[in-house]
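Any read-out appearing in this document is the output of simple, stated calculations on the displayed coordinates, not a laboratory observation. Here the structure is a predicted model, which is why all the values come from computation and not from measurement. Every residue, glycine among them, receives a Cβ derived from its backbone with ideal geometry; neighbour counts consider all protein chains shown.
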Amino acid sequence: MEIYETEEEQVAALKAWWKENGQATLIGVGLGIAVILGWNYWQDYQRGQAEQAAGLYAQLLKAQASDQKESVIKLAEQMESQFKGSDYVLFSELMAAKVKAEQGDLAAAKQILEKVAKASNKELANIAKIRLVRLLMANKEYEQGLKLINDIDPATSASFSGQYDELTGDLYVALDRVDQARTSYQNALRNGQQSPLLQMKLDDLTPPEKIETKK
């Protein structure tokens, strides 16, 4: 480091440094301030968007509770157009699919569920897939339902494995593939899917000779 003996030398050195580096310094400071202001603006914008989306979703829930089906559809469409990328859009689409199914428009419900099933939010994507399998069952598309379940990545659906096993059993029952249905129901129980209905389904598939043995 250079040491300046007089104040005049220090001033002269500072002037020389400023002449060489001053513009770059001002630009750097300006960019720093711009980044900070831009980040603050973005944070405020994101917060405002989240609040607006939450408010719109509250309206949608109210419409759903009042069984105002057309309002649910319109609010879901509004949510999608205004707040793309928000999980509120996915929740709204799940509700819109339910309404479409209740109205008998299974094709529209299927289209919505297929879209949500591709979402990056794995929990909501799995919920959409489960509902899609049930819709396929209602439409007697049993093989398609089995294919959908078989194509699911276990790494992204571990917490839903019991539900998928039970659905697989239901599909096999519909296809009269009893042994595979029984195995699927047993897997569902092992994977934590505990419910009286599931146990009833399994008991209905128990071979008669085993029932007699139990007695």
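Subtracting the Cα-Cα distance from 0.36 nm times the residue separation, let me have the gained length for LEU175 to LYS62 in nm, one decimal.
In short, 36.7 nm is gained.
Any idea what the relative contact order of region 121-207 is, in percent, if you count C-alpha pairs under 8 Å spaced at least 6 apart?
Contact order relative to length: 24 percent.
For the pairs LYS118/LYS147; LYS100/LYS140; LYS98/LYS201, note any where the Cα-Cα span goes beyond 20 Å.
Working: LYS118/LYS147 16 Å; LYS100/LYS140 18 Å; LYS98/LYS201 25 Å.
Over 20 Å apart, Cα to Cα: LYS98/LYS201.
May I ask you to order 87-94, 147-154 by the average number of other C-beta atoms within 10 Å around their residues, highest value first?
On the way: 87-94: 21.1, 147-154: 13.0.
Peptide ranking by packing, descending: 87-94, 147-154.
Taking a spot 7 Å from the Cα of GLN52 along the direction of its beta carbon, which residues of region 74-105 have an amide N less than 17 Å from it?
Zone members listed by number: 75-90.
Based on the Cβ-Cβ distance of GLN194 and ARG134, what FRET efficiency does E = 1/(1 + (r/R0)^6) give at R0 = 22 Å, to the nearest 0.05? Intermediate values should be presented prior to the final figure.
Numbers: r = 19 Å, r/R0 = 0.88.
Here the calculated transfer efficiency is 0.70.
What shape does region 121-207 take by its C-alpha gyration tensor, where a ≥ b ≥ c are the square roots of the eigenvalues and a/c under 1.5 counts as rounded, a/b above b/c as prolate, and the rest as oblate? Mind dumping the intermediate values first?
Values: a/c = 1.97, a/b = 1.30, b/c = 1.52.
Oblate.
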